[in-house]
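Student: Once you've had a glance at the structure underneath, I'll fire off some questions.
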Amino acid sequence: MSDFPGVLRVGDLEVAVSVSDRRKSVRLTVERDASVTAVVPPQISTAELAKLVEAKRSWLYGKLAEKRELGEAPPDKQFVTGEGFRYLGRSYRLRIVPAGEVRLVRGRLELPEGGGAKELVGWYRRVGRPWLTRRIRPWAARMGVELTGLRVRPLGYRWGSCSRDGQVNIHWATMQLPPSLIDYVLVHELAHLKRPDHGAEFWRVVEQALPGHEEYRERLRRTGDDLWLPEEGR
Ligand SMILES: [Zn+2]
């Protein structure tokens, strides 16, 4: 298969192609890191593969959105009066003030002059910790999970993580979501304290705590793409 480049471009998709003598058909995979690979049989041509990728485009995009979870291209923000920032699912306008610290006052998010992403991320973390701690406790009690602590911090493109000793970590960006979706994130992590994997038993635990969890999951996937996630906060 000498006519295959290592990478095939179809529109804005990049597909890493490898050839296998054992394959009778093309296997397209979206990897965990959101790259796309194709393992192809030797007799297929570049044009045929391109056509196939083209036909599978919307499926590929769906899969890619899933892998990204928190989204890759959050809208750029400017740190000027009037810019909107989300908090608990609502949008608040920024107001630049001469001094002080970031705070939410009468529906306006005050940012001291010269402040930017770092200060705002710090604010989400500061208000997030008590809010999330209060929110998660009743869930933990209902689910019969031993929770030892909660931290709010950057977690890359993950919403949350947990450790075996009962500690739950939640991404600060979660504070931009509406409370109902935050509940899903919390329940998801608490369920991991019972089951570390994403097997059937895990989803049963989630469903029991939050009936109809599939819908939350779907909404989270869609909402996650337009959250603000500056480099300083990843
Ligand atoms: Zn999980």
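The values are calculated or read from the model by the stated rules, or taken from the named source; none is laboratory data. None of these values were measured; they are calculated from a predicted model. As a convention, Cβ positions derive from the backbone with ideal geometry for all residues, glycine included, and neighbour counts pool all protein chains shown. Quick note on the areas: whole protein, heavy atoms, side chains included, nothing else; ligands and nucleic acids left out. Shrake-Rupley method; radii C 1.70, N 1.55, O 1.52, S 1.80 Å.
Student: Which lysines does Lys77 reach when only Cα atoms under 18 Å apart count, and residues fewer than 8 places away in its own chain are ignored?
Tutor: Lys77 reaches Lys118.
Student: May I ask you to list the trypsin sites (Lys or Arg not before Pro) in the stretch 75-125 that are in a DSSP loop and have at most 12 other Cβ atoms within 10 Å of their Cβ?
Tutor: Answer by residue number: Arg106.
Student: With a bin width of 5 angstrom, please list the P(r) values of the stretch 127-233 as percents of all Cα-Cα pairs, from the 0 bin to the one holding the largest distance.
Tutor: Computed distribution, short to long bins: 2, 13, 25, 26, 21, 10, 3, 0.
Student: Now a separate question. Let me spell out the model: positive unit charges on the Cβ of Lys and Arg, negative unit charges on the Cβ of Asp and Glu, origin at the Cα centre of the stretch 127-233. What dipole size does that give, in debye rounded to 20? Mind showing how you got there, number by number?
Tutor: Numbers: 16 positive and 14 negative charges, 75 e Å.
That gives the stretch 127-233 a dipole magnitude of about 360 debye.
Student: Determine the dipole magnitude for the stretch 7-68: charges of +1 sit on the beta-carbon of Lys and Arg, -1 on that of Asp and Glu, nothing else is charged, the reference point is the Cα centre, and the result goes in debye to the nearest 20.
Tutor: Details: 12 positive and 8 negative charges, 43 e Å.
Computed charge dipole of the stretch 7-68: roughly 200 debye.
Student: Sticking with this one: Among 24-30, 169-175, what's the highest-first ranking by average C-beta atoms within 10 angstrom per residue?
Tutor: Numbers: 24-30: 13.3, 169-175: 24.1.
The peptides rank, most packed first, as 169-175, 24-30.
Student: If I compute solvent accessible area with a 1.4 Å probe over the protein chains, what percent of it on the chain is carbon and sulfur? Don't jump to the answer; show the numbers that get you there.
Tutor: On the way: 6030 of 12920 Å².
Roughly 47 percent of what the probe reaches on the chain is carbon or sulfur.
Student: Moving on. How tilted is helix 117-143 with respect to the longest principal axis of the chain? Cα atoms for both, answer in degrees (0 to 90, nearest 10).
Tutor: Helix 117-143 and the main axis of the chain meet at about 90 degrees.
Student: Turning to a different aspect of this structure: Would you work out if the chain is rounded, prolate or oblate? Take a ≥ b ≥ c from the square roots of the eigenvalues of the alpha-carbon gyration tensor; rounded if a/c is under 1.5, else prolate when a/b is larger than b/c, oblate otherwise. Don't skip to the answer; put the middle values down first.
Tutor: Numbers: a/c = 2.89, a/b = 1.55, b/c = 1.87.
The shape class here is oblate.
Student: How large is the accessible surface per residue of the chain, computed with a 1.4 Å probe and reported in Å² as a whole number? Don't skip to the answer; put the middle values down first.
Tutor: On the way: 12920 Å² over 234 residues.
With the other protein chains kept in place, the chain gives 55 Å² per residue.
Student: Still on this structure: How far, in degrees from 0 to 90, does helix 179-194 lean away from the longest principal axis of the Cα atoms of the chain, to the nearest 10?
Tutor: Its long axis makes an angle of about 70 degrees.
Student: Compute, for the chain, the length of the dipole vector about the Cα centre, with Cβ point charges of +1 (Lys, Arg) and -1 (Asp, Glu) only. Units Debye, rounded to 20.
Tutor: On the way: 40 positive and 31 negative charges, 149 e Å.
My answer is approximately 720 debye.
Student: Right, here's the next one. Rounded to the nearest 500, what is the chain's calculated 222 nm mean residue ellipticity when only DSSP H runs of at least 4 contribute -39500 (n - 2.57) each, over all residues? Each step should come with its number before you reach the end.
Tutor: Values: 6 runs with 87 residues, N = 234.
Calculated from helices alone, the mean residue ellipticity at 222 nm is -12000 deg cm²/dmol.
Student: Give the residue list of GluC sites (Glu not before Pro) in the stretch 94-192 that are DSSP loop and have at most 16 other beta-carbon atoms within 10 angstrom.
Tutor: Working: sites: Glu101, Glu110, Glu113, Glu119, Glu146, Glu189; in loops: Glu101, Glu113, Glu146.
For GluC sites (Glu not before Pro) across the stretch 94-192 that sit outside H, G, I, E and B with at most 16 neighbouring Cβ atoms in 10 Å, the list reads Glu101, Glu113, Glu146.
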